[in-house]
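Novice: Encoded as structure tokens, here's the structure I'll be asking about.
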Number of protein chains: 4
Amino acid sequence: MVIIMNPEATRENISEVIKTIENVGLEAKIMEGAQQKIVGVIGDKTKLGSVAIGALAGVDNIVSISKSYKLASREFHPQSTVVDVAGVKIGDGNPVVMAGPCAVESRELLLEAAEIVKEGGAQFLRGGAYKPRTSPYSFQGLEVEGLKYLAEAREKTGLKVVTEVTTVEGIKPVAEYADLIQIGARNMQNFGLLKEIGKCGKPVLLKRGLSATIEEWLNAAEYIMNEGNPDVILCERGIRTYETYTRNTLDLSAVAAVKHLSHLPIIVDPSHGTGKWRMIKPMAFAAIAAGADGLITEVHQNPAKALSDGSQSLTKERYFDMMNGIKKLSRFMREENLNPIIEG
Amino acid sequence: MVIIMNPEATRENISEVIKTIENVGLEAKIMEGAQQKIVGVIGDKTKLGSVAIGALAGVDNIVSISKSYKLASREFHPQSTVVDVAGVKIGDGNPVVMAGPCAVESRELLLEAAEIVKEGGAQFLRGGAYKPRTSPYSFQGLEVEGLKYLAEAREKTGLKVVTEVTTVEGIKPVAEYADLIQIGARNMQNFGLLKEIGKCGKPVLLKRGLSATIEEWLNAAEYIMNEGNPDVILCERGIRTYETYTRNTLDLSAVAAVKHLSHLPIIVDPSHGTGKWRMIKPMAFAAIAAGADGLITEVHQNPAKALSDGSQSLTKERYFDMMNGIKKLSRFMREENLNPIIEG
Amino acid sequence: MVIIMNPEATRENISEVIKTIENVGLEAKIMEGAQQKIVGVIGDKTKLGSVAIGALAGVDNIVSISKSYKLASREFHPQSTVVDVAGVKIGDGNPVVMAGPCAVESRELLLEAAEIVKEGGAQFLRGGAYKPRTSPYSFQGLEVEGLKYLAEAREKTGLKVVTEVTTVEGIKPVAEYADLIQIGARNMQNFGLLKEIGKCGKPVLLKRGLSATIEEWLNAAEYIMNEGNPDVILCERGIRTYETYTRNTLDLSAVAAVKHLSHLPIIVDPSHGTGKWRMIKPMAFAAIAAGADGLITEVHQNPAKALSDGSQSLTKERYFDMMNGIKKLSRFMREENLNPIIEG
Amino acid sequence: MVIIMNPEATRENISEVIKTIENVGLEAKIMEGAQQKIVGVIGDKTKLGSVAIGALAGVDNIVSISKSYKLASREFHPQSTVVDVAGVKIGDGNPVVMAGPCAVESRELLLEAAEIVKEGGAQFLRGGAYKPRTSPYSFQGLEVEGLKYLAEAREKTGLKVVTEVTTVEGIKPVAEYADLIQIGARNMQNFGLLKEIGKCGKPVLLKRGLSATIEEWLNAAEYIMNEGNPDVILCERGIRTYETYTRNTLDLSAVAAVKHLSHLPIIVDPSHGTGKWRMIKPMAFAAIAAGADGLITEVHQNPAKALSDGSQSLTKERYFDMMNGIKKLSRFMREENLNPIIEG
């Protein structure tokens, strides 16, 4: 931590700052120039708790340097983590694909979708049984009934199941039926939910919040890991920006950022990331080329009839076409050793 | 709803769109020009559920027109709502002030702070017993113990108590001790929490999400109101933008926007909205001048020792100074009939 | 400047960083903790030119501390600047108002508008003769003809004239006819234009760029001042955010920020800042209450017929109503000594 | 264009809107529902000029539908454009690479860099002779001297030259020495410059503005094309968002958006787009996989000594490594017919 003093800060101000730092057992170093004085703090910043140095007289600004997450950090865990989800490895260099409808709408539609997903070559079936919707009047999901259909589809196809949990009460049923539990963007900082998920014993897919920084996202992972659950997979799903042409702005640089800052696997959601089916294939290709560990995408046999997010769903044919490209591309990159990520 | 067709959309494409609309009992009207064809949809849009018109062939884009919230809308409820919180009226033209520490840190500190808050003239004591923190290693609040201190401070001062709830399990204790229950920015789209709050029978202070649009915010209010709780007060607390000088960008235009779109009262939080104590007074003055129904601000007898957000807290002296200005300003505006808001 | 080294940075890496810093005549100080090493740089950072410390081995990140602007900075010029524009003082505690149509449309309309502006009590007539428009097919302004009408309106009313310059070639005619030259948001980082404006000898109204940070904005002022022109007035006109309800998000906290960081006057544009006439009055009140040195707002006798930005223009009646409030409010604040700004 | 009326709009309000539309020769159609009335406008919207329908009584909002650009639009020019720059084709399915230092620093450094760029396999040498810098005290470029070095490097290597122009006066010398003229992000809406560039007879590389929407960007291209210059290549270089980890947020979805909305070629700048050399390779791979027509990237033989942007420059070795991957990837995609873009 570096504390920048006002140009007019007095000796006493600086002494007070240093005393406050030393009081909690940290070391302070002063650097003084003609126009500025700064105080560096060495040691474990968490000792400061939230003591508000910024409110001391003469303090202009504080710059945080060390990261507040540890378990999620590559610094403390240099080797990349491979998460095993019911036998499917995520993060081992072989991208996985999770596909399916946005919401579980009916048993028949889901089973049909699962067959398509399986035929296309994905390893996971996705589908929401609990839907967080902006308006209370939108379809909110089939809940436990939807979970049962997902489990049935797994039986029939061998696909693993990933589905979202939106409340603490939902954790038990979702953990019972799903192989991978998704935390959605709107719940990325629902800390109560994160803590409970950390105790549920199932791998977690943690979507980036709508306007979360990468640091906040890794801190959200830290909440889960800190409760004893190391199996966290991150998912970039687009961030909120001023651009209105796309639903969100898919931040593919987050793949490289996460690979540098963390040892956790990261996958990409080009459906929510763009909101437009036409952009799914190019962004899926791009994600794989950027080094993502996988994709999660919406597929619907009849997008126009989908109860949620149809415009960003792929038809069967487009899904097959995307999968064909993804498979070729990832195989080629592996064979040619085209690793985009610079570790360390 | 207006559906914009691709220039190359065929007759069949348009027919299919119209059929889909009419199938759910809505009426469709076509407008055709040389380069563009659009289809307007008349009637209650919720009938469409989430049928994804956007995924039909030939559809280029969809523009939503009617609002998805009703109970929160001024259209359906032209008269401004005044919320009565344990006898204090919010929204009646007399701005209220809620002040206190960010977090309840100890019994002594809180009681001392409450005396200051009371002396300055605020009507509400604020203070977090449950703190949603970015890092799991930061101070998380005193929980029920903190609630009891708040209740004790109320006994001693007569101030009303506003405090945040972060989980469904927390609703019961918070509702027992608080007069006004706060939903924080990070939980604005925690829909499970919103629904339960809607049933708790207490007035709610709903903070705007970090990057929530005004429409999403009013939809969040709708979730609460739809469960039978009409007593919602909105709170603008700054939005996330590219600017890093301030913690958030306080969007004071939201006051005018909410007054136009909704009948609900709105207050402003200049502490979180700026992150800098130096900006609290100017932004508090500005909020009152813009027509806000009140303020919520952080006050701490020793900001430098505060366990949370000290840099954005006012000292006792600065709080008194701000209150002095606020009182004069709001009295003057009332006496001179200087109403900034243009209703209707 | 503070240089944060990678945890795995070697002794050699750190030595190389220090050598590079000392080579340009600056002093380096090391701070070393268990998990992090940082190097502080003391002295005039501009000596570093753009030597890219960040590209040295072992460097993780660089944090800039000292400001890159000097002439615009309050640190180097503690006393607030009052700019005299043809006899009207800006920044002396008496807010000024600049009003008029977005664009000069015709001689008759402008002269009529000027009478209204005058009658309402503003000191400046605004009106664009050169219009920067997103589309090449939109009305681009009457150019020199428009400037002449502005000068004629000044003759008739005694109002001062503020108008925008968009090109280097335009500086000469604009400087000839205008009292105050405006640099629009889209040109805030048109550095060629800024440099030439710095030599023109006329006061400048520098609008904040659409997505400019406060620091970039003050650096833009520095470009002008560095050419010998000290008479710069800043204008907050809204920034680009994800919110679509308003045309821009008016950042009123910029008033307090500028007053703290700089000695230059700052005014506010609630017309462009919101894009909605209904929001002009509340945001104008708020700007004055926040301590702004003035306002610039659009007024049009028949907004529906305006060739540009009619939706954000005030009618004559609404303008008079706003002016009435502004005058009362600013007089009251002066008389009561309600200064929102905390200097120093 | 669709005009949304207030729920309380009267018959007279609607008549006035329709009259205003018909007065300029356009056709108006009304759609009326229980809660809303909308008016659709058919025909060439430019006829409306900037008549401010939004300021008419009873109008709530206006939704623009047709695009304001024509020459840049795929609707009016369905076939993809291939721009020929001194014999190098851009947009023909073979990605091109432009590489070199951010700024031309000296003759020796540039010639040496050019050899590296050539050896790595790029077709273009980049390097700024005129540098738009945030601070007036930063290195501003060697100007005409720099242009001459670029031309000399072209002689020696056969590379084409791309360099930025920042002022109207600079167009003549830049057009004399460069093969491709770059308009930087900060000048994307410097309309005076765009118009003059449109007359210069040279192909133009138009960077996206720091916070420009895709529509504004295509309108900027329209300014150039409208002056008679059809040879515009777009360049995505990252947009400004709340995320601070990267210098900008590289919006790779813009590649797919531009390919859908326009016939112009688009390349990607992963150096400015991320600000971190470590992210250049993954984002370059991603751009190619997404269907970009090329890349522009910074290469410097000694990034730590670069006078500008060293942290985002590739060393020789990393540049060769990236080029190796890019070449393999693009060849593979061509051979396998892996086209990410869905035309039409």
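Novice: Regarding C:ARG334, is this residue at pLDDT 95 or above, closer than 14 Å to C:ASN94 by Cα and of a type in the set (Lys, Arg)?
Specialist: Taking the combined requirement at face value, the residue satisfies it.
Novice: In the set C:ALA129, C:ALA114, C:ALA212, C:ALA153, which member is within 26 Å of C:THR81 (Cβ to Cβ) and among the aliphatic types (A, V, I, L, M)?
Specialist: C:ALA212
Novice: Is there a residue being of a type in the set (Gly, Ala, Ser) and under 21 Å from A:VAL258 (Cβ atoms) anywhere in segment A:73-82?
Specialist: There is at least one residue in segment A:73-82 that is of a type in the set (Gly, Ala, Ser) and under 21 Å from A:VAL258 (Cβ atoms).
Novice: Working only within segment B:146-171, note down all residues that are over 21 Å from the mean Cα position of the chain (by Cα) and open to solvent by 20 Å² or more (accessible area, probe 1.4 Å).
Specialist: Residues satisfying the conditions are B:LYS148, B:TYR149, B:GLU152, B:ARG154, B:GLU155, B:LYS156, B:GLY158, B:GLU169.
Novice: Can I ask one more? Looking at D:ARG247, D:ARG278, D:ARG237, D:ARG186, can you tell me which residue is among the basic types (Lys, Arg) and touching a Lys or Arg at 6+ places or on another chain (Cβ under 7 Å)?
Specialist: One residue alone meets the criteria, D:ARG237.
Novice: Right, another one. Scan D:ILE90, D:ILE65, D:ILE14 and give me the residue that is more than 9 Å from every other protein chain (Cβ to nearest Cβ), within 29 Å of D:ASN229 (Cα to Cα) and of a type in the set (A, V, I, L, M).
Specialist: D:ILE90
Novice: Inspect all residues belonging to segment D:303-326 and state whether any of them is in a helix (DSSP H, G or I), under 25 Å from A:ASP293 (Cβ atoms) and touching a strand residue (DSSP E or B) at 6+ places or on another chain (Cβ under 6 Å).
Specialist: no
Novice: Just checking: which of the strands (runs of 3 or more DSSP E) contained wholly in segment B:121-197 hold 1 or more residues that are among the hydroxyl-bearing types (Ser, Thr, Tyr)?
Specialist: Per the criteria, B:160-165.
Novice: Report whether or not C:GLU115 is part of a loop (DSSP other than H, G, I, E, B), within 18 Å of C:GLU298 (Cα to Cα), touching a residue at least 12 places away in the same chain (Cβ under 8 Å) and open to solvent by 10 Å² or more (accessible area, probe 1.4 Å).
Specialist: So C:GLU115 fails the test.
Novice: For A:LYS276, which of the numbered conditions (1) open to solvent by 20 Å² or more (accessible area, probe 1.4 Å); (2) touching a residue at least 40 places away in the same chain (Cβ under 8 Å); (3) among the charged types (D, E, K, R) fails to hold?
Specialist: The single condition A:LYS276 does not satisfy is (2).
Novice: Right, next: Can you name the residue in segment D:306-325 that is touching a Ser or Thr at 6+ places or on another chain (Cβ under 8 Å) and at pLDDT 95 or above and is also nearest to A:MET333 (Cα to Cα) among such residues?
Specialist: Only one residue tops the list, namely D:MET322.
Novice: Looking for whichever is in contact (Cβ under 8 Å) with a residue 12 or more places away in the chain and among the basic types (Lys, Arg) here; the options are A:ARG318, A:ARG331. Which one fits?
Specialist: Unique residue meeting the criteria: A:ARG318.
Novice: So is B:ASN302 open to solvent by 20 Å² or more (accessible area, probe 1.4 Å), within 9 Å of another protein chain (Cβ to nearest Cβ) and closer than 30 Å to B:GLU75 by Cβ or not?
Specialist: no
Novice: Also, quick follow-up: Looking at the structure I just gave you, is C:LEU205 away from chain D (no Cβ under 13 Å), buried (at least 24 other Cβ atoms within 10 Å of the Cβ) and hydrophobic (A, V, I, L, M, F, W, C)?
Specialist: The answer is yes for C:LEU205.
Novice: I've got another one for you. Of everything in segment A:172-200, what is under 28 Å from A:ASN248 (Cα atoms) and either of a type in the set (Asp, Glu) or surrounded by fewer than 21 Cβ atoms within 10 Å (Cβ to Cβ) (or both)? Give them in sequence order.
Specialist: Listed by number, the residues that qualify are A:ASP179, A:LYS195.
Novice: Something else about it: What are the residues in segment A:311-344 that are in contact with a Gly (Cβ under 8 Å, 6 or more places away or on another chain), within 11 Å of chain B (Cβ to nearest Cβ) and under 19 Å from A:ALA122 (Cβ atoms), if any?
Specialist: Once the filter is applied, which keeps residues that are in contact with a Gly (Cβ under 8 Å, 6 or more places away or on another chain), within 11 Å of chain B (Cβ to nearest Cβ) and under 19 Å from A:ALA122 (Cβ atoms), segment A:311-344 yields only A:GLN312.
Novice: Going by the conditions given, is B:GLY54 outside any loop (DSSP other than H, G, I, E, B) and within 22 Å of A:SER271 (Cβ to Cβ)?
Specialist: Answer is yes for this residue.
Novice: Could you pull out every one of the strands (runs of 3 or more DSSP E) wholly within segment A:69-112 that has 2 or more residues that are open to solvent by less than 60 Å² (accessible area, probe 1.4 Å), more than 25 Å from A:ASN219 (Cα to Cα) and of a type in the set (A, V, I, L, M, F, W, C)?
Specialist: So the answer is A:96-100.
Novice: Given the criteria touching a residue at least 60 places away in the same chain (Cβ under 8 Å), within 14 Å of chain C (Cβ to nearest Cβ) and open to solvent by 60 Å² or more (accessible area, probe 1.4 Å), does D:LYS47 qualify?
Specialist: no
Novice: Within segment B:222-246, how many residues are out of contact with any helix residue (DSSP H, G or I) (no Cβ under 7 Å at 6 or more places or on another chain), away from chain A (no Cβ under 14 Å) and open to solvent by less than 10 Å² (accessible area, probe 1.4 Å)?
Specialist: Number of matching residues: 2.
Novice: If a residue has to be at pLDDT 85 or above and of a type in the set (Val, Ile, Thr) to count, how many in segment D:4-35 make the cut?
Specialist: 6
Novice: Right, something else. Could you list, in sequence order, the residues of segment C:250-271 that are more than 9 Å from chain B (Cβ to nearest Cβ), assigned to a helix (DSSP H, G or I) and within 13 Å of the chain's Cα centre (by Cα)?
Specialist: C:VAL258
Novice: In segment B:211-249, what residues are part of a helix (DSSP H, G or I) and within 18 Å of B:LEU180 (Cα to Cα)?
Specialist: Within segment B:211-249, B:ALA220, B:ALA221, B:GLU222, B:TYR223, B:ILE224, B:MET225 meet the criteria.
Novice: In the list B:GLU32, B:GLU16, B:GLU12, which residue meets the criterion of being open to solvent by 60 Å² or more (accessible area, probe 1.4 Å), touching a strand residue (DSSP E or B) at 6+ places or on another chain (Cβ under 8 Å) and not aliphatic (A, V, I, L, M)?
Specialist: Of the residues listed, the single one that is open to solvent by 60 Å² or more (accessible area, probe 1.4 Å), touching a strand residue (DSSP E or B) at 6+ places or on another chain (Cβ under 8 Å) and not aliphatic (A, V, I, L, M) is B:GLU32.
The values are calculated or read from the model by the stated rules, or taken from the named source; none is laboratory data. All of these numbers come straight from a predicted model, not from anything done at the bench. Positions of Cβ are generated from backbone atoms using ideal geometry, with glycine treated the same way; all protein chains shown enter the neighbour counts. Keep in mind that these areas ignore ligands, DNA and RNA; they rest on the heavy atoms of the full protein, side chains included. Shrake-Rupley method; radii C 1.70, N 1.55, O 1.52, S 1.80 Å.
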